[in-house]
Amino acid sequence: MSGKLVLALETSCDETAAAVLEGTGDLRGSVVHSQAGIHAEYGGVVPEVASRNHLANVRGVVEEVLSYSGADLADVDVFAATIGPGLASALLVGASAAKGFALASGKPFLGVNHIEGHLLSPFFGRPEVPEAIGLVVSGGHTLLVDIEGAASYRLLGRTLDDAAGEAFDKVAKLLGLGYPGGPEVEAQARSGNTARFDLPRGMKHSGDFNFSFSGLKTAVRYLLPGMSAADLADLCAGFQEAVVDVLVHKTVQAAVANRRRLIAVSGGVGLNGRLRDELVVEAGKAGMDVVFADRELCTDNAAMIAYAAAQRWRRGEVSLLGMDICPSLGTELFKNC
């Protein structure tokens, strides 16, 4: 599909994003309008606030990305948007806009699974998606997937309660740190003693590839009485180490069990330096390589949605304009509703 243009929109949570991708490798433009500053005062994302801001921003974001790309709407060959999972009122904005563009221009529409966008983001720009074990680790999702190729996935395990990023956010809030919590906890942890607090590694040796982080969060809560500012760095370091330990152990074990030699990491928690360092070391011991999504593709963005759409379009897939959003779209199949 060389020379074909995909315009994708991503509005699943609190980023209003648009991207124009030519083929599978030429990113002509990518714009992300973050609402992090708005939601920081609430300590988390407020769905109604997010959707109102998407409505206010989506037109400008599309105009901006088209300007960067040097293309007009008439040049676009397929319009794509995230249709789930995510916040219903937020998903509606991007999906409705992309459908409207497709209807007005007579061009195809593709609804894309947000998690598939993350899953494929480490391979952005590659014509083909290689075999790998994918670790998607973000504020809303933590899961391990066996990747056989584009549109061919098998779910191995997922969090049974809090996602890793959600646990970072909640612990940061408990400790009086800012939002989003991941970078705040990581910054404190750099000067901390990882071994001072004996924190639980939930389901590390459960015999499957599922995760659980709610018990770790509760353990931190129980430690708070009597804690002082001087204990903050050690507590953050211990918490981060517990999360990283479980993620690394299960990811490497999943790769061994499925005979994959490549691990692909995506999602906002994939930016965590400790996770990156430890995963490279442990995977290397097992003779595996690790590829991470580029930093600008780790948090929510439309470039990854455009890439996933391009891969599906190459396979001849299109979506019906009458398809609905799927706020709780299942991760098992990674396909449209």
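Do we find a residue being among the β-branched types (Val, Ile, Thr), at pLDDT 95 or above and either loosely packed, with under 15 Cβ neighbours inside 10 Å or within 15 Å of the chain's Cα centre (by Cα) (or both) anywhere in the range 305-324? Yes: the range 305-324 contains one or more residues that are among the β-branched types (Val, Ile, Thr), at pLDDT 95 or above and either loosely packed, with under 15 Cβ neighbours inside 10 Å or within 15 Å of the chain's Cα centre (by Cα) (or both).
Checking Lys173, Lys204 one by one, the residue that is touching a residue at least 12 places away in the same chain (Cβ under 8 Å), closer than 15 Å to Lys250 by Cα and surrounded by fewer than 19 Cβ atoms within 10 Å (Cβ to Cβ) is Lys204 and no other. Could you please let me know if Gly139 is within 30 Å of Val318 (Cα to Cα), in contact (Cβ under 8 Å) with a residue 40 or more places away in the chain and part of a loop (DSSP other than H, G, I, E, B)? Considered against the rule, which asks whether it is within 30 Å of Val318 (Cα to Cα), in contact (Cβ under 8 Å) with a residue 40 or more places away in the chain and part of a loop (DSSP other than H, G, I, E, B), Gly139 comes out as yes.
Is there a residue being at pLDDT 95 or above, touching a Lys or Arg at 6+ places or on another chain (Cβ under 9 Å) and either crowded, with 22+ Cβ neighbours inside 10 Å or of a type in the set (D, E, K, R) (or both) anywhere in the range 257-265? Yes, the range 257-265 has at least one match. Against the numbered list (1) closer than 25 Å to Pro130 by Cα; (2) under 18 Å from the mean Cα position of the chain (by Cα), Ala254 comes up short only at (2). Counting only helices (runs of 4 or more DSSP H) that sit completely within the range 1-106, those holding 2 or more residues that are touching a residue at least 12 places away in the same chain (Cβ under 8 Å) and buried (at least 20 other Cβ atoms within 10 Å of the Cβ) correspond to 47-69, 88-105.
The values are calculated or read from the model by the stated rules, or taken from the named source; none is laboratory data. A quick note: this is a predicted structure, and the numbers were derived from the prediction, not measured. Neighbour counts are summed over all protein chains in view; Cβ atoms, including those assigned to glycine, are modelled from backbone coordinates with ideal geometry.
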